[in-house]
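A short write-up of the structure that comes next.
The values are calculated or read from the model by the stated rules, or taken from the named source; none is laboratory data. Since the structure is predicted, the reported quantities are computational estimates derived from the model, not experimental observations. With ideal geometry, Cβ positions are generated from the backbone for all residues, glycine too; neighbour counts draw on all protein chains shown.
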Amino acid sequence: MQVLGAGFTIGSILTNVNLMPRSYFWTMLFLILHQIDAAYWKEWEMFHVPGGVQGFLVFNLAAIALVLAGYRHVLLATPQAPLYAGICAALGVGTCLIHAGFALAGLEQFHLPLSMAIIALCLASGVWLLRDLRRVRGQLARQAA
């Protein structure tokens, strides 16, 4: 593990008060729940995914593998953890923005209360993770100086 000034390691900074593991977990959980809900709403039709449901499954295989691998990096506080946290946070925020656009365009999918709550929670947890990531990057920058 990379040691920074004053005896701090990247691991000690990333796990400081469990900043990123907690917000990453919740963002990942809501993203996965959204993808389960997306199967009900046939999201592959909304995005015109090549291959239909098969293309949707391939996308989810890659996306879920990515966020799960990222969670491992965050838990182990590897140097790649901030990158994965940024990706997961962007997916959370992006999910809400994309579906807000679909709603404004008049699409009727995802209008059940729990579907909307999950999308809103993707946004909230994604913003929380971005805030934690900003703190971690600030701590890393201060320790490197």
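Table for the structure above
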read-out: Residue identified as in contact with a helix residue (DSSP H, G or I) (Cβ under 9 Å, 6 or more places away or on another chain) and surrounded by 14 or more Cβ atoms within 10 Å (Cβ to Cβ) among Ala69, Ala85, Ala144; value: Ala85
read-out: Restricting the stretch 1-34 to residues that are surrounded by fewer than 17 Cβ atoms within 10 Å (Cβ to Cβ) and of a type in the set (S, T, N, Q), the residue that is modelled with the lowest pLDDT; value: Gln2
read-out: Enumeration of residues in the stretch 72-113 that are in contact (Cβ under 8 Å) with a residue 60 or more places away in the chain and among the hydrophobic types (A, V, I, L, M, F, W, C); value: Val74, Leu76, Ala77, Ala81, Ala85, Cys88, Ala89, Leu91, Leu107, Phe110
read-out: Complete set of residues in the stretch 46-73 that are modelled with pLDDT under 95 and assigned to a helix (DSSP H, G or I); value: Met46
read-out: Single residue of Leu107, Leu140 found to be over 10 Å from the mean Cα position of the chain (by Cα), more than 21 Å from Ile64 (Cβ to Cβ) and not in a helix (DSSP H, G or I); value: Leu107
read-out: Ala69, sole failed condition from (1) touching a residue at least 40 places away in the same chain (Cβ under 8 Å); (2) over 16 Å from His34 (Cα atoms); (3) within 14 Å of the chain's Cα centre (by Cα); value: (1)
